[in-house]
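Visitor: The following block contains the structure, expressed as structure tokens.
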């Protein structure tokens, strides 16, 4: 069992985090005894960096710089998600008869491949097909390789640790580039999903949770652990890493067929003519990617350098069902950032399922905000559900359909939740290749939820009345008069140090609804 540390950890990956034994804020102050403490789970730290004692000012300056870098690299990660289709097309449709003119003498390539071959268990010896693939990448995919080198600074440290844990060659990290272009949400035409492109059945076989709300094939930590187990099993079967790669792509059965058809050969290059076309391009693409990463500087391909290539993040248990919208409103973090840090939640909803525990990953600076306002977030989710207009039910037949016009702020998860359907269904009905939507775009939807008829019944929301009389302080600076449009959240933002929970407790409020003109205490006082 991993030992939990009560020290600052610098983790070289956007997915990993610092573990803390006690509830602390970012300055190291222990939280009050009545604070809700949520223990991080399932984190796999990569590197431990004990932060020396420095002046508080220096610590705050460093923290501000770290958050600035985190924001920049969050954008870089989101950009890399667009490259899956390009890599997929390169592997599956490559023309090996094409000639690409690049400044790479064959003798130089042979010497470099020999050096690679000496330090890896993969067969990286020179052959004309591999040379053509490398030339193709250098001529046509320099931008893609540049972006992958940039994104790899976040993912490779995690991959290397998990691969090492399962006794897999560290060079196998390049497989995730060929499989998904380092996009945790990548999904192929046949349904393979995530960084390591697990099919549904294989993912379930290796312990990944796949349901309507959650898909751990998209979780970088869990999917890499499963990939390590699966690759190790394939190596046990074939005793050769090249064949394990081929089997990972096309299945062990196709590799066994190729061995029989070849007359019993077990060298990948001898089997290649007998493998499916996609697999025939798969291993050369992997070896070409390995070569280009190892010799990127020699070819002038340099990714953007991460000054601090890590996110300081942590995880918290989630006790009730909440959506990314609820978290975003209270914790002041964008939904896009929540999606990047929590790619396994398919509908932007963290469910509550009996017998299961789900976690939320946040930047460390937001952990304290979440813990302080956890009850308020759950209350917000409950109140919003209660406020929803209740439509008179109308039966939906198979022929019924909705033509939905995409509005600003819409995303597939939100639309799918509204109509009680899956994101994959909306994509299939509309021929969508990605999750990207444009304002004004029309979508065809066959809803499972009842469609509201023109006659609806509105829910009357009760005003927030204190459960007991509250005596106001004589000091007017300690009193807030509710204005039209105010909410407990906006009021708490006006007064630093005051949380939604504080306002509810000090004023005996039973919910989040406020009436203009209501006076609220801003302290636990009466004078």
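The values are calculated or read from the model by the stated rules, or taken from the named source; none is laboratory data. Just so it is clear, the structure is predicted and the values come from calculations on it, not from any experiment. Glycine gets a Cβ as well: all are built from the backbone with ideal geometry, and neighbour counts include every protein chain shown.
Every residue, every condition in (1) outside the structural domain of residue 174 (by TED's automatic domain parsing); (2) surrounded by 17 or more Cβ atoms within 10 Å (Cβ to Cβ); (3) part of a helix (DSSP H, G or I), yes or no:
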{"site": "286", "(1), (2), (3)": "no, yes, yes"}
{"site": "293", "(1), (2), (3)": "no, yes, yes"}
{"site": "316", "(1), (2), (3)": "yes, yes, no"}
{"site": "354", "(1), (2), (3)": "yes, no, no"}
{"site": "359", "(1), (2), (3)": "yes, yes, no"}
{"site": "367", "(1), (2), (3)": "yes, yes, yes"}
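Visitor: Do any helices (runs of 4 or more DSSP H) lying entirely in segment 82-152 carry at least 3 residues that are on the phi < 0 side of the Ramachandran plot and at pLDDT 90 or above, and which ones are they?
Guide: 106-118, 128-140
Visitor: Are there any pairs, at least 6 apart or on different chains, whose C-beta atoms fall under 6 Å, with the first in segment 346-363 and farther than 14 Å from residue 214 by Cα and the second in a strand (DSSP E or B), and if so, which?
Guide: Sorted first by the residue in segment 346-363, then by its partner, the pairs are 361/313; 361/315; 363/313.
Visitor: Related question: Select from segment 178-196 the residues that are crowded, with 22+ Cβ neighbours inside 10 Å and over 13 Å from residue 227 (Cβ atoms) and list them in ascending order.
Guide: Correct list: 181, 182, 183, 186, 187.
Visitor: Right, here's the next one. Could you please find all residues in segment 468-495 being within 38 Å of the chain's Cα centre (by Cα) and assigned to a helix (DSSP H, G or I)?
Guide: Answer for segment 468-495, where residues must be within 38 Å of the chain's Cα centre (by Cα) and assigned to a helix (DSSP H, G or I): 488, 489, 490, 491, 492, 493, 494.
Visitor: Sticking with this structure for a sec: Taking segment 496-518 only, how many residues are exposed (fewer than 15 other Cβ atoms within 10 Å of the Cβ) and either part of a helix (DSSP H, G or I) or at negative phi (or both)? Can you show your working first?
Guide: Within segment 496-518, the subset exposed (fewer than 15 other Cβ atoms within 10 Å of the Cβ) is 496-497, 505, 508, 510, 515-517.
Then drop every residue that is not either part of a helix (DSSP H, G or I) or at negative phi (or both), which leaves 496, 505, 510, 515-516.
Residues in segment 496-518 being exposed (fewer than 15 other Cβ atoms within 10 Å of the Cβ) and either part of a helix (DSSP H, G or I) or at negative phi (or both): 5 in total.
Visitor: Additional query: Since residue 204 meets every condition but one in (1) over 16 Å from the mean Cα position of the chain (by Cα); (2) part of a helix (DSSP H, G or I); (3) farther than 30 Å from residue 322 by Cα, which condition does it not meet?
Guide: For residue 204, the failing item is (3).
Visitor: Go through 407, 403, 433, 418 for me and flag whichever is at pLDDT 75 or above and in a helix (DSSP H, G or I). Explain how you work it out, then say what you get.
Guide: Numbers: 407 fails: in a helix (DSSP H, G or I); 403 fails: in a helix (DSSP H, G or I); 433 fails: in a helix (DSSP H, G or I).
Answer to the selection: 418.
Visitor: Got at least one residue in segment 243-252 being more than 22 Å from residue 285 (Cβ to Cβ) and out of contact with any strand residue (DSSP E or B) (no Cβ under 9 Å at 6 or more places or on another chain)?
Guide: There is no residue in segment 243-252 that is more than 22 Å from residue 285 (Cβ to Cβ) and out of contact with any strand residue (DSSP E or B) (no Cβ under 9 Å at 6 or more places or on another chain).
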